[in-house]
Structures are given as C-alpha cells and as structure tokens.
Amino acid sequence: MVNVVSIQRPIKQQYAILVNYAPELSFSSLSLSPFRNYRATRLHPSYFSTGAKQGHKPKYQHNRSFFVVAAAVAVTASLYTRHLREEKLTTLPLAKDSELLREQKLSVAASSTASSSQEQPILSHSQPMYNLPSLIETVTRAGLMGSTKSVKEELHVLRKWHANRGYNGGIVVRDLSRPLFSLNIGHETNDEGKGFHSVDENVRGNMSQRECYYLYYEVHSNGETRQQLFCRGTTLFDDVITCLQAWCVHDEELGCSVHFGFNQHANRVVEDVLPLLVPPRGKEGGTNHATVEVCGHSLGGAVAMLVAIKLRKRGYFVTRVTSLASPRFCSGVEESNILKKWLPKETIRIEDDLDPVIYLPPMGVSVGDKLWFVKDKAYMLPKDSLSGENGWPESVWLNLRLFETVLNVFKTHRVGSYVNRLEQLVKDMNGD
C-alpha cells in the first residue's frame, strides 16, 4: 500500500515521501530517520490547494501530460520517417556506378564549339561526364579563401597554392568595398572620362575588408582563355545577414522569384567581375574562345548558381558550375525549372546528408545534378530525375535528422570534410 506522508515545514520546504508501510504502524511514532533512504520529491505548491485535496489534477500535471504525448508523437514520427527513408535509399543509384562520373570524353576545347547564343540556352554537347580528380581540385580551390586576416595575405596564399601545382595564369582577389571601373555610367569619372560607380558610403561602412571572390584566368596556346570564378562562403557577420534575408523576390533578369539575400549578393559580384572577364562573342573585343567556370561553397555555392545564370543571360559562355554545401535559393519547383534551362549541363551540387545548410531555407529548392553523401555511401542523382514522386531526396521533413545534424554541424559543412568524402568515393570506384 502506497501513501503520502506530508512533513510540516515552511510552505517553500514542503516535501512528500512515498513509502510502503504496515497498516498497524502508528504515525505518531514516525521520524525522518527510517525514511532517509527513500527519495524525496518536491511538489508544486498547487498540489496542496483545495482542488488537489478533492482529487482534481493540478494544472502542471495537465501540461506535463501534453508534453509527454507530444514527445511520444514526435519520436514515433521520427522512427517512421527514418524507416521509410531507409527503404527509399535502396532504390537510388550509387555514385560509383553512375555514368555521370566516368572520365570526360569531351575536352574543353571541343565543347567550346557548342552554341552559346541566348536563343539556345542549353549547351549542345552530350551528357556531361564529371571527372572526380578534377572535381576534387575544384572543390579544394573553392575552400582556399577565408584562411587569413587580410585580402593581401589571401592573395599571397592563393598565388603560392596555384604556383606550386602548375597553374601559370593570373589571379585577381576582390572585396566589394573597393569599386572597379564598370560598364555602368555613374556620378564619378576617371581620368579618361569613362564612367564608373562606387559603393555607397552606407554600404561601405557595413562591409569588412574581406575577399568576396577570386578570379583565375589563363590563356592557352590555342588562343582559348579559361576563366574560373570562385565565390567565398559565409565568413563575416554580414554574410549571415545575407543568408537570413530568405524572403523571395521576383528578378526581371532571371524571370522568376529567388532568395533576396543571395540575389543581391550575386548582383554585386556580377557587376564587379564583368570588367575582368573577356567580353562574349558579339561584343567589341569579344571572342568565342573564352570560357567561364563558376564554383562556390556554402553561401558562395548559391551565389555561384545565380552568377552563372546571369552571365549566360548576358552572352558569356559558362561551361561548368560547381556548388558545394549550398543553401537553397529558388522559391519553388516552377522557378527551378526556369533556372535550370539557363545553367550548363555540367552543373553539379555536392551535399552531405548531415550538413544542415543544404536544408535551408526549408521552403526553398535547389537545381543541378546532385552528388549526395549519406552515411558511408554516395548517390548520384541527375537533375531531371528529382521531380514528382522521385523528388523525395529534396524533402526537408523526410531527410533532416536533427539530432545527428546538430552533433556534426561543425564537421560536415567544412570543405575538408567534402574533399575527404570525394577522395573516398574515388577509392571505392577504383576498388581500393
């Protein structure tokens, strides 16, 4: 038999001890010493109210019951979605068996003969074959920024890294607080009378002196100019604010609604980099032997996608886009269908299942072929296969594992983690 013995003390010190005792035991002879091994539980003061004595449940017990039920429902739903997801994963094609990861059959020079006119936004060469060693090097180069405290030091690190690996081209590192001469007429002119615009003073005050992107360019013996643009990921507090500006706005140039913060950042990068790029065919000094490749990590991955589309819209021959651990930037499926028509076929996004950034914002949509790392496996999902019932790998509610993601957030989002996963994929494909 279980009874409650109330011990008279000041109201803030009231306790109840749950004990088993014999019916013949006299309460008058009880002391605390026989019950020192029993657990004491502090009761809410409402327990001693009139309602509690009449057998009614106190308010705090109703709240506790609600949270218990809610937790049980959440756990049940989590277990069900995990089981459902594991079944669906068995139907996906493994990356090591994918035709998209074979050695490329088209050289850059051969593919540069494809049409790049605005009337034909999709490149005319065959299905891309992603070269993994080249992909690993591109991803590594995207992670070189943000390792120093100044733009000058950053430039030195970039030059040294590229020179040690046989890159003989030039490098330009840019931070957007220092305006270049642009094609737009502004309120200022240089010594030659050509107009250029400067960054607004209010904007300049909010932007730290950090690199925003770097451009690598190299002229080959056949006259082809290869230009590679690498967009930096989230480094400054201003970058966090950019990511949080997650409402979608309609962009006239893109013809659809996209993430406001990413689009604003992409516009600044495009306006800044245009004077550095070889003009496209059809413009003064333009050539059809100049290619552009764009790559970025995290915030830079989303910006890289938008920059590539805007450059293609303006006639530049963008041959490849690589997005690493990128957040979502499209407002919906219809918008993603519009944008993917303007991206080159060699557009790939690399994502880790435990990286929380790829699920943000939850209502957004991404584009491009998806190389997806899940636990110790990798899946290669062509962009055209991620629609309708087959679009579940894009679902936040089915794939986000909050507990594991929070535990691994500082590991999985790093560029080095993705490089290790890609290197392991190469070993798996070689049978090592």
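Data for the structure
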quantity: Inter-site label distance for H83 and E224 at 7 Å from Cα along Cβ, in nm; calculated: 5.4
quantity: For the stretch 284-395: span of alpha carbons on each principal axis (Å, largest first); calculated: 50, 28, 22
quantity: Cut-off 15 Å between beta-carbons: net charge of the residues surrounding W397, Lys and Arg +1, Asp and Glu -1; calculated: +3
quantity: Label-point gap, in nm, between E153 and T140 - each point 7 angstrom along Cα→Cβ; calculated: 2.3
quantity: Mean separation of Cα contacts under 8 Å (6+ apart) over length of the stretch 303-360, as relative contact order %; calculated: 42
quantity: Mean Cβ count within 10 Å, highest first, over the residues of peptides 366-372, 303-309, 222-228; calculated: 303-309, 366-372, 222-228
quantity: Listed pairs K152/K377; K88/K427; K160/K377; K310/K370; K152/K383 exceeding 31 Å between Cα atoms; calculated: K152/K377; K160/K377; K152/K383
quantity: Per residue, the convex hull volume that the Cα atoms of the stretch 372-429 enclose (Å³); calculated: 97
quantity: Peptides ranked, highest mean first, by Cβ atoms within 10 Å: ranges 159-169, 314-324, 413-423; calculated: 314-324, 413-423, 159-169
quantity: Packing rank of 75-83, 248-256, where each peptide gets the mean count of other beta carbons within 10 Å, highest leading; calculated: 248-256, 75-83
quantity: Calculated FRET efficiency for the pair W397/S65, C-beta based, R₀ 25 Å, to 0.05; calculated: 0.45
quantity: Pair E334, R281: separation of 7 Å Cα→Cβ label points (nm); calculated: 3.5
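Since every read-out is calculated from the coordinates, none of them should be taken as a lab result. Just so it is clear, the structure is predicted and the values come from calculations on it, not from any experiment. Using ideal geometry, Cβ is built from the backbone for each residue, glycine included, and neighbour counts are taken over all protein chains shown.
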